[in-house]
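Below you'll find the structure, written out as structure tokens, and then a few comments.
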Amino acid sequence: MDLGEAIANRIKELCQERGISINKLALLSGLTQSTVDSILRGKSKNPQLATLLKISEGLGISVSEFLDDIRITDADIKD
């Protein structure tokens, strides 16, 4: 699994755990729906740290909690 897929899976999992839609996450994060969709659909394979910070805030966790997932730490990093 590459890093983009791992991040997308982590977002989907956390949204499901919290019972929030992707649309709601975009609103809570202060991001556009298209930005979140591009990450989830694999168009944005390497989201910026600032974007991950906003997503983490929207999920009510720190960015370190967000990144603390085996799929992310073991992901294949592509340039």
Seminar exercise, completed: Selection over the range 25-79 where residues are β-branched (V, I, T) and exposed (fewer than 12 other Cβ atoms within 10 Å of the Cβ) yields a count of 4
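Residues being among the aromatic types (F, W, Y) and over 10 Å from the mean Cα position of the chain (by Cα): count how many of those fall in the range 35-67. Step through it out loud before you land on a result.
If we filter the range 35-67 for residues that are among the aromatic types (F, W, Y), which is where we start, we get 66.
Among the residues that remain, those that are also over 10 Å from the mean Cα position of the chain (by Cα) are: none.
Summing the residues that are among the aromatic types (F, W, Y) and over 10 Å from the mean Cα position of the chain (by Cα) in the range 35-67 gives 0.
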Exercise. Within the range 6-24, how many residues turn out to be under 17 Å from D68 (Cβ atoms) and surrounded by fewer than 18 Cβ atoms within 10 Å (Cβ to Cβ)?
Worked result: 5
Exercise. Where in the chain are there helices (runs of 4 or more DSSP H), lying fully within it, with 1 or more residues that are touching a Phe, Trp or Tyr at 6+ places or on another chain (Cβ under 6 Å)?
Worked result: 49-59
Exercise. Out of (1) under 19 Å from G19 (Cα atoms); (2) more than 12 Å from the chain's Cα centre (by Cα); (3) not basic (K, R), what's the single condition that is false for T32?
Worked result: (1)
For this session: Would you mind stating whether A8 is in contact with a Ser or Thr (Cβ under 7 Å, 6 or more places away or on another chain) and hydrophobic (A, V, I, L, M, F, W, C)?
Result: no
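Scan the range 23-32 and tell me whether some residue there is of a type in the set (S, T, Y) and free of Cβ contacts under 8 Å to residues at least 12 places away in the same chain.
Of the residues in the range 23-32, the ones of a type in the set (S, T, Y) are 29, 32.
Applying the additional criterion that residues be free of Cβ contacts under 8 Å to residues at least 12 places away in the same chain yields 32.
For the range 23-32, residues of a type in the set (S, T, Y) and free of Cβ contacts under 8 Å to residues at least 12 places away in the same chain: present.
Every number here is computed from the coordinates shown, using simple stated rules; none is lab data. Computed from a prediction, not measured in an experiment: that's the story for all the values here. Cβ atoms come from the backbone with ideal geometry, glycine included; neighbour counts cover every protein chain shown.
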